[in-house]
Each structure stands twice: as structure tokens, then as C-alpha cells.
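Student: What follows is a structure written as C-alpha cells; I'll ask about it next.
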């Protein structure tokens, strides 16, 4: 059934069923204590390190261009976020720097946001652009991540009006620094509330 619904999907149904779904919400007070002062809420569908299957799936999706995985991965986010879906939300994918986009060939957050939009009926718009290539963050400390991401985003060109409520979409939240930097730009541009929905928290 998964092969029919999600072509280019290398995982079996039992693989997907083995991924432990553990939705978690971090609210503003907790986020502020983590040094994230702009995000209002961070929702993750599961924990990255709890499932080797999930780790392999995200790696295949991002680095082996298995685009068919965007559907089931987006479904994980939708299942966790359904209680928080409201008509006033605008989905906004976290942007890649142009050089990273060229080397990878796609932005995984955009594909996820498109699928979530199709599943929920929420509109999606690319409100942000990345102004600085921060390189790979995987081996950096929390402090190094926070410093490297500073001033790395701006409002997209030709955006004249912004929605009141934005939900940022990305695959993984590690320190949350990238999401918070995006939220900071959006709030300085007039957005009243910024949440984030991700597949997994690291």
C-alpha cells in the first residue's frame, strides 16, 4: 500500500510502523530558557535519535534525492500538528542558501511544506531567503550554531505584506537556532506569531 501511495519509497510498512511517534511541544517560556527568544512554539513529531529507521530515511531524503519520501515524512508532521491547524496559518519553509541549493538540487523543507499544504489546505509561501552560507552545522557546538546563524536570513524580495501567523517548516530541530533566526526576521517584519513544525528534535 505504501508503494502505491508513496512511489520512490524504499521503506516497508513495518519500517514506518517502527518509528516511535512522540509529539512534543516546547512553549515560549521553555524556548526562551534555551536562548530562543523569537519562536512562540516548537512542535516535533518524534525524536531523531530514537529511531535508526528515521535517521536513515531523513538521510536518504536529503542526500540521495528520494523525493517520494516527502509524503510520508510530511504525514508525520501532519499527524502531530492536526490539533493546531487553523485557517489563519501561513506555512513558510526554512530556506537554503543558493550555493547549498545548487549543490543539493532541492530544498527538503519546501517539499515538506508543499505536502503539508496539500494535506491540510493551509497556504504556503516562501517568505524568507538565506543571505549567508553557514555551512554544515552538524559538528558544531550549541554556541557555535547560535553564532554562525546570526543575521543569516532576510525577507524574500518583493514581499510587501506578511501574514499574522506563520508556521516554519523544517526537517530537524537541533538547537533551534535556525528556526529562531527565521522567527526573528519574520517578527521584525510584522508577523505577530511564529511557530515551527518539524519531523524530529535532535
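Student: At 1.002 mPa s and 20 °C, plugging the Kirkwood radius over alpha-carbon pairs of region 2-201 into Stokes-Einstein gives what diffusion coefficient in µm²/s?
Tutor: For these conditions, the coefficient is 126 µm²/s.
Student: Provide 171, 17, 50, 180 in ascending order of the number of other Cβ atoms located within 10 Å of each residue's Cβ, fewest first.
Tutor: 17, 50, 171, 180
Student: Moving on to the next point. Between residue 15 and residue 27, what is the spin-label point distance in nm, taking each point 7 Å from the Cα along the Cα→C-beta axis?
Tutor: Modelled inter-label distance: 3.8 nm.
Student: Which of 37, 190, 176 moves most in a GNM of the chain, Cα contacts under 10 Å?
Tutor: Of 37, 190, 176, the most mobile in the Gaussian network model is 190.
Student: Applying a 10 Å radius around every beta-carbon, put 150-157, 27-34, 113-120 in order of their mean neighbour count, most first.
Tutor: Highest to lowest by the protection proxy: 113-120, 150-157, 27-34.
Student: Would you mind classifying region 23-140 by shape? Square roots of the alpha carbon gyration tensor eigenvalues, ordered a ≥ b ≥ c; an a/c under 1.5 is rounded, otherwise it is prolate if a/b is larger than b/c and oblate if not.
Tutor: Taking the square roots of the gyration eigenvalues as a ≥ b ≥ c, region 23-140 is rounded.
Student: Return the single residue from 82, 186, 122 with maximal mean-square fluctuation; model: Gaussian network over the chain, springs between Cα atoms under 10 Å.
Tutor: 82
Only the coordinates and a few stated rules stand behind these numbers; no lab work does. Because the structure is predicted, anything quoted here is derived from the model rather than measured. Heads up, the Cβs are rebuilt from the backbone with ideal geometry, glycines too, and the neighbour counts pull from every protein chain shown.
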